């Protein structure tokens, strides 16, 4: 499995199936530039490559890898958000089908694959569990450079990884509160204004990416 | 709008951003959040941060086995072509209403069915789920909205013009987040009508008998 055998030092020994050929460079670059959380960042870049393989080649093997890893977590999240096991199963399949259909929308400079799949699951939760209309922010049209910058993509994967580690090392009570907010057990007025999470870096990076996009649109 | 983006001074609160990221806010609040984010890149970036947290929370949950045929069923669902997500909204050029808001109103400012609520102020209540309510307010230049307090949370997003209250000045793109502690009398600036999108999760409380009677009829 791509996600399990990927290590940095042996980037050239990756068991990359032929359909991933075009994407090899991404992984290699990830190996060269990553300085922190290298193993986890490489794993995140492998997910990016898998989404690209779905997007470019409708690659079912890559999709199966993503499915194997993410579907059980999406289902878990939906059940913790109040879905029965049957409904969570149905929603999970729809979430993963949406991943396939929207693979062309994925941008690794703005989201890690885990973040992106979470937003799809969150949306499905509002549609099916809460049965509400779902207002979304306006889409930003792409500028002339459609292909996202690799260094930015890797940077964002690293920061998402660091955020995950920061969450894991928060004091138990604080972490539980954040989890409860995401599972829908807290109203917005019960959510603490100060989460204790280091969100500054990831916000600044995305803010810069948006500036560049706005600039390119002019 | 592009120029307004740099001038936005009043942003969404962290709990609102987290609530939107989690998908747990009332629909009326989601509409205000999505509309503000369409005008504000700072909050768009902050929301992306909170969505990243959501992703990590999801990754941290203990995985639950999916059905044995889940992958095959999903591929069949994909092949059927029956399943498609809603497309993200785009703004009609030159509208005061950002894309998400356009999905809730039919027309632009002058073609809407405004209802007078007294003092020259008009409103248009938008249809959302009942856990909170949201309306467009049109406050003529120089006019005050009656002094009112709040039982719950009130979000007021300026779409056009500006208003000033006891707290500060709020221009296009600014959002005021008011709770029970705030009693305020917003006054629209001279120059042009102030158009706001206002959501609340509890009825507003007007001070004074006449507004209170009016409140019964207009339903705010």
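The values are calculated or read from the model by the stated rules, or taken from the named source; none is laboratory data. Please read these numbers as outputs of a predicted model, since none were measured by experiment. Cβ sites come from the backbone with ideal geometry, for glycine too, and all protein chains shown count toward neighbours.
Here are the numbers for the structure shown:
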{"item": "Selected residue (criterion: farthest from the chain's Cα centre (by Cα)) from residues of the range B:190-200 that are surrounded by fewer than 22 Cβ atoms within 10 Å (Cβ to Cβ) and within 14 Å of residue B:137 (Cα to Cα)", "result": "B:192"}
{"item": "Subset of the range A:59-75 that is surrounded by 22 or more Cβ atoms within 10 Å (Cβ to Cβ) and facing chain B (nearest Cβ under 8 Å) - its residue that is nearest to residue A:49 (Cα to Cα)", "result": "A:63"}
{"item": "Residue in the range A:41-48 that is crowded, with 24+ Cβ neighbours inside 10 Å and at the interface with chain B (Cβ under 7 Å from one of its Cβ atoms) present", "result": "no"}
{"item": "Residue satisfying all of: in the range B:90-113; in contact (Cβ under 8 Å) with a residue 24 or more places away in the chain and within 11 Å of another protein chain (Cβ to nearest Cβ); surrounded by the fewest Cβ atoms within 10 Å (Cβ to Cβ) among these", "result": "B:91"}
{"item": "Selected residue [under 25 Å from residue B:176 (Cα atoms) and modelled with pLDDT of 95 or more] from B:54, B:49", "result": "B:49"}
{"item": "Residue in the range B:19-35 that is more than 27 Å from residue A:197 (Cα to Cα), in a helix (DSSP H, G or I) and more than 7 Å from every other protein chain (Cβ to nearest Cβ) present", "result": "yes"}
{"item": "Subset of the range B:59-73 that is part of a loop (DSSP other than H, G, I, E, B) and facing another protein chain (nearest Cβ under 7 Å) - its residue that is surrounded by the most Cβ atoms within 10 Å (Cβ to Cβ)", "result": "B:66"}
{"item": "Filter result for residue B:56 (in a helix (DSSP H, G or I) and in contact (Cβ under 8 Å) with a residue 24 or more places away in the chain)", "result": "no"}
{"item": "Scan of the range A:86-108 for residues that are over 20 Å from residue B:75 (Cα atoms) and at the interface with chain B (Cβ under 9 Å from one of its Cβ atoms), ordered by number", "result": "none"}
{"item": "Any strands (runs of 3 or more DSSP E) falling wholly within the range B:114-182 and containing at least 3 residues that are crowded, with 21+ Cβ neighbours inside 10 Å", "result": "B:133-139, B:154-160"}
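Table: residues versus (1) outside any helix (DSSP H, G or I); (2) free of Cβ contacts under 8 Å to residues at least 40 places away in the same chain.
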{"residue": "A:42", "(1), (2)": "no, yes"}
{"residue": "A:54", "(1), (2)": "no, no"}
{"residue": "A:67", "(1), (2)": "no, yes"}
{"residue": "A:75", "(1), (2)": "no, yes"}
{"residue": "A:82", "(1), (2)": "yes, no"}
{"residue": "A:86", "(1), (2)": "no, yes"}
{"residue": "A:93", "(1), (2)": "no, yes"}
{"residue": "A:109", "(1), (2)": "yes, no"}
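Table: residues versus (1) touching a residue at least 24 places away in the same chain (Cβ under 8 Å); (2) under 20 Å from residue A:73 (Cβ atoms).
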position	(1), (2)
A:160	yes, yes
A:166	yes, yes
A:176	no, yes
A:183	yes, yes
A:192	no, no
A:201	yes, no
